[in-house]
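The values are calculated or read from the model by the stated rules, or taken from the named source; none is laboratory data. Keep in mind that what you see is a predicted model, and the values were worked out from it rather than measured. Backbone-built Cβ (ideal geometry, glycine too); neighbour counts: all protein chains shown.
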Amino acid sequence: MPRRIVIVGAHAAGVDAAAAARKTDRTAEITLISKERRIGYSRCGIPFVFGGHIPRFDDLIVYPPTYYKMMKLNLKLETTVTSINKDAKTIGTVDKAGNTEILPYDSLILATGASPFVPPIKGREKQGVFVVRTLEDGEQIDAAIKTAKNAVVIGAGLIGLEVAIAFVERGLQTTVVELLPQTLPAMLDEDMAKIVQTKLEEKGLRVIVGSGVSEILGGEKVTGVVVGEEQIPADIVVVATGIRVNNQLTQEAGIALGETKGIKTNMRMETNVKDIYAAGDCAESMNLVTHRPLLCQLGTIAVRHAKVAGTNAAGGYAVYPGCLGSSVSRLFDLEIGATGLTEFMANKSGIPTLVGTISSKTKAEYYPGALSIKVKLIFDKESELLIGGQVVGGEEVTQRINSLSFAIQKQMTLRELVKADTAYAPPLNETWEPMVLAAETALRRIR
Amino acid sequence: MVKVNGYDVPEGLYYSKDYEWVKVEGDKVRVGITDFAQKQLREIVYVEIPSAGTAVKQNEPYGTVESVKSVSDLVAPISGAVEQINEEVQSKPELLNEAPFNNGWLLVIKPTNMDELKNLMNAAQAVEWHKSLLKEG
C-alpha cells in the first residue's frame, strides 16, 4: 500500500514539503490541506504589489494548479483540520460546505503557519484596520488605498516598513509607529537603525519610535489614531506587530511546544509525536550561535524546514541544523540586511562582544555613482568568533549578508576575516572590502 | 508554430496526456516531453532514462525528470523497444528546457504496434487539451 502523507498548510512550507516528499517517494499518496482557496503563493511579495512593483496579486502564485497535477498531489482547499488523533493516525477535517471527513495518515506534516497578532488597542475592530497575511488581506488593503489619503502602520519591523513604504509610493501621507525605541528592533542595532530611519524620513515617511498607538479613532470606519498626545489622521491602519504560531491543533494531539510557543522538533523536523512533523512559521528552529530555540518566521527558513520534513515524512533522511535568521530587504532604494545576533541580542544572551563598524563605498571612491554602505560586525569577545553582521547601504547587501552567514556557519574568527581574500574592480567594489575593514576596526580595539 | 497561452504545441506530432510528444519517423518514433511540461517543471536538473534495448509499455513509467522543485514520472506514450537514447540530455538536462521538441528529445522507440498511436492526441486535439488544462487551472 502506498505511504499516505498528509500536509496541513499549502504555502512555502506545505508545498515545498510536498515536493520533497514526492522526490523521496514516487508512489506516496500526498494530500495538501488548506483553509484558503488560493495556495502556493508568496506572502512576502504582498507589500511589493501595493507599491506597484509587481502588477497583480495573482502573480504571487508561485505554484499554478497544473503543478499539483503533474506532481500528483491531492488538494483539499477551503478545508480546515479540526482534530488530530495520534493513536489512530487520523485527522478530522471540515470543508466549507460543512462536510466532515476522517483522513488516515502514515506521516503528517504540520505547516499551519502563523497569524497576525493584533494588540488589544481600543478601536481595532473598525473598518479600515487591516493586517497583512493573505492575498485577500492584500486585495482589501489595495482597494482601500485607492480612496485613502492618510495611512498609519503600527509596527516598524520589516513587514510594517515594506507596507508603509508602498503607501508612500502610492501617494499616501503615511506614519509608522513603533513602540520600541528604534525601527527594525529584531534585525538591527540602534546605531544601524538610525541610518534607516533618516533615509525613510528623507523619502517622506513619518517615523515615530518609542511610542505606541493608544487608540484607533473613528465611528464605524477608522479616521485616525492616538499616539501620545497627538491625533494622527488615517483612512487605513495596518497592524504589523508580529505573528503568533497557529498551534491550536497541537494540544489535543499531545504535540509539545517549545519555549517560543512554536512547535518543538528534533533535527529531522519531527515533533515529540512519532510520524508527525512540523515546518515553517509554526515550527521552532535552533539558533546556530546561541544553540537556543528561536522562532525564525522567514520564507527561507520555511522552505528549509519543509525540505527536511518532507524528505523524512516520505521515509528518507535529512536534517536541519538550525538558522541565523539571515534577512534582507530594500526600503525605498536603501538595501538592508542582517545575520546572526545583533550586539543588543548578544549582550542580552550574556555573550561579551567585540564590535567593528565601518562606513565605506560600494564602488571605488572615484567611480561615479558610488553609494554609501555601512557594515557592522559582532564578535564573541572570548572566542573571537564572528556571531553577527548588519549591512545598510546602497547595493550588494544580500550577497554580503550571505557571505557573513557562511562565515558564521563556518565559525570564522576575527583574525581570519581580517585576512580574507576578496574581489575588486572600480565599478563594483573598493579595493578593501567593507566587511574586511569592519573586522579590522574590531581588531584594532583589542590590539 | 501553434501556441496555447505561450505553450508551444507543434503540428505534426502526437501527444499523450502524460505531457509527452511522439514524432513518427518511418517505422520508429521519437519521444520527448512537451513545452508545457518543461515550463511546469522549470529548471530541469536531472533526467533518468532507460538504456537502449529496454522494453517500454504504453502508459507505464520508464524514467524520471527532476527539477529544483519538482519531479515527474516519464510515462511511455507507446509500447516498444528503446532503439536510441539522447545521451546528451543526461549531462545537459537543461536541453529539455531549452529545446523540448528538438535537442531535448529523450528516446527513439521501435513500436511493437503503431496502432497504439490512436490512443494519443493529434496536434489539434492537443491544443484543445492544453486549453482545458489551463481553464481548470
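Before moving on, here are some points about what is shown:
- One residue from A:Lys274, A:Lys307 being basic (Lys, Arg) and in contact with a helix residue (DSSP H, G or I) (Cβ under 6 Å, 6 or more places away or on another chain): A:Lys307
- Some residue of region A:180-194 being among the acidic types (Asp, Glu), surrounded by 20 or more Cβ atoms within 10 Å (Cβ to Cβ) and touching a Ser or Thr at 6+ places or on another chain (Cβ under 8 Å): yes
- A:Val227 touching a Ser or Thr at 6+ places or on another chain (Cβ under 9 Å) and under 28 Å from A:Thr342 (Cα atoms): no
- Residue under evaluation A:Leu294, criteria (1) touching a Phe, Trp or Tyr at 6+ places or on another chain (Cβ under 7 Å); (2) within 30 Å of A:Phe50 (Cβ to Cβ), criterion not met: (1)
- Breaking point among (1) within 14 Å of chain B (Cβ to nearest Cβ); (2) touching a residue at least 24 places away in the same chain (Cβ under 8 Å); (3) within 27 Å of A:Gly316 (Cα to Cα), for A:Arg38: (3)
- Filter result for A:Arg38 (assigned to a loop (DSSP other than H, G, I, E, B), crowded, with 16+ Cβ neighbours inside 10 Å and within 28 Å of the chain's Cα centre (by Cα)): yes
- One residue stands out among those in region A:1-18 that are surrounded by fewer than 24 Cβ atoms within 10 Å (Cβ to Cβ) and of a type outside the set (Lys, Arg): the one that is farthest from the other protein chains (Cβ to nearest Cβ), which is A:Met1.
- Close pairs from region A:117-141: first touching a residue at least 40 places away in the same chain (Cβ under 8 Å) and surrounded by 16 or more Cβ atoms within 10 Å (Cβ to Cβ), partner basic (Lys, Arg) and not in a loop (DSSP other than H, G, I, E, B), Cβ under 6 Å, at least 6 apart: A:Gly128/A:Lys221
- Of the numbered criteria (1) in contact with an Asp or Glu (Cβ under 6 Å, 6 or more places away or on another chain); (2) within 14 Å of another protein chain (Cβ to nearest Cβ); (3) surrounded by fewer than 18 Cβ atoms within 10 Å (Cβ to Cβ); (4) farther than 21 Å from A:Tyr63 by Cα, the one B:Val75 fails is (3).
- Residue count for region A:236-249, restricted to those that are assigned to a loop (DSSP other than H, G, I, E, B) and in contact with a helix residue (DSSP H, G or I) (Cβ under 7 Å, 6 or more places away or on another chain): 3
- So B:Gly80, is it away from every other protein chain (no Cβ under 14 Å), on the phi > 0 side of the Ramachandran plot and surrounded by 15 or more Cβ atoms within 10 Å (Cβ to Cβ): yes
- Of the criteria (1) over 24 Å from B:Asp18 (Cα atoms); (2) part of a helix (DSSP H, G or I); (3) of a type in the set (Gly, Ala, Ser), which one A:Gly98 fails: (2)
- The set of residues in region A:62-89 that are of a type in the set (Val, Ile, Thr), within 14 Å of chain B (Cβ to nearest Cβ) and surrounded by fewer than 17 Cβ atoms within 10 Å (Cβ to Cβ) contains only A:Val62.
- Residue that is surrounded by the fewest Cβ atoms within 10 Å (Cβ to Cβ) [pool: residues in region A:297-339 that are charged (D, E, K, R) and under 20 Å from A:Glu395 (Cα atoms)]: A:Asp333
- Complete set of residues in region B:55-69 that are among the polar types (S, T, N, Q) and within 13 Å of chain A (Cβ to nearest Cβ): B:Thr64, B:Ser67
- Whichever residue in region B:46-72 is under 19 Å from A:Thr66 (Cβ atoms), without any contact (Cβ under 8 Å) to a residue 40 or more places away in the chain and among the polar types (S, T, N, Q) and, among such residues, is surrounded by the most Cβ atoms within 10 Å (Cβ to Cβ): B:Ser70
- Residue in region B:108-129 that is within 14 Å of chain A (Cβ to nearest Cβ) and closer than 19 Å to A:Lys69 by Cβ present: yes
- Filtered residues of region B:4-49 (kept if aliphatic (A, V, I, L, M), within 12 Å of chain A (Cβ to nearest Cβ) and within 12 Å of the chain's Cα centre (by Cα)): B:Ile33, B:Ala37
- Of the residues making up region B:24-45, those that are free of Cβ contacts under 8 Å to residues at least 60 places away in the same chain and in contact with a strand residue (DSSP E or B) (Cβ under 9 Å, 6 or more places away or on another chain) are B:Lys39, B:Gln40, B:Leu41, B:Arg42, B:Glu43, B:Ile44, B:Val45.
- Unmet criterion (only one of (1) over 30 Å from A:Val163 (Cβ atoms); (2) out of contact with any Pro (no Cβ under 9 Å at 6 or more places or on another chain)) for A:Leu324: (1)
- Residue check for A:Ile373: out of contact with any His (no Cβ under 6 Å at 6 or more places or on another chain) and in a strand (DSSP E or B): yes
- Test result for A:Val49, away from chain B (no Cβ under 14 Å), closer than 22 Å to A:Tyr320 by Cα, modelled with pLDDT of 95 or more and crowded, with 20+ Cβ neighbours inside 10 Å: no
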